[in-house]
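*Asks:* Once you've had a glance at the structure underneath, I'll fire off some questions.
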């Protein structure tokens, strides 16, 4: 049933910064930290100092942010 399904996850803030840059949505680490604190970006803390980002969720989040920006620009 789960054959062929590859979970896209990365560990750590620096890897998320690199990923966001690679998909054309660059953000600074401090911006991401602020979003995490306010629970505005999908993430999971595996342990106190280990943060996991599911890239499927991040891709969805980016799409939502872009939609919101387009909506605000059209007003």
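Where a number appears in this text, it was derived from the coordinates with a stated rule and is not lab data. These numbers come from a predicted model, not from an experiment. Positions of Cβ are generated from backbone atoms using ideal geometry, with glycine treated the same way; all protein chains shown enter the neighbour counts.
*Asks:* In the stretch 36-51, what residues are more than 10 Å from the chain's Cα centre (by Cα) and surrounded by 15 or more Cβ atoms within 10 Å (Cβ to Cβ)?
*Replies:* Once the filter is applied, which keeps residues that are more than 10 Å from the chain's Cα centre (by Cα) and surrounded by 15 or more Cβ atoms within 10 Å (Cβ to Cβ), the stretch 36-51 yields only 51.
*Asks:* Which residues, counting only those in the stretch 18-47, are over 14 Å from residue 62 (Cβ atoms) and touching a helix residue (DSSP H, G or I) at 6+ places or on another chain (Cβ under 6 Å)?
*Replies:* Within the stretch 18-47, just 29 meets the criteria.
*Asks:* Hey, another quick one. Does residue 20 meet the test of being in a helix (DSSP H, G or I), in contact (Cβ under 8 Å) with a residue 40 or more places away in the chain, surrounded by 10 or more Cβ atoms within 10 Å (Cβ to Cβ) and touching a strand residue (DSSP E or B) at 6+ places or on another chain (Cβ under 8 Å)?
*Replies:* Judged against the criteria, residue 20 is not a match.
*Asks:* Could you identify the single residue in 51, 62 that is in a strand (DSSP E or B) and either out of contact with any helix residue (DSSP H, G or I) (no Cβ under 7 Å at 6 or more places or on another chain) or over 14 Å from residue 20 (Cα atoms) (or both)?
*Replies:* 51
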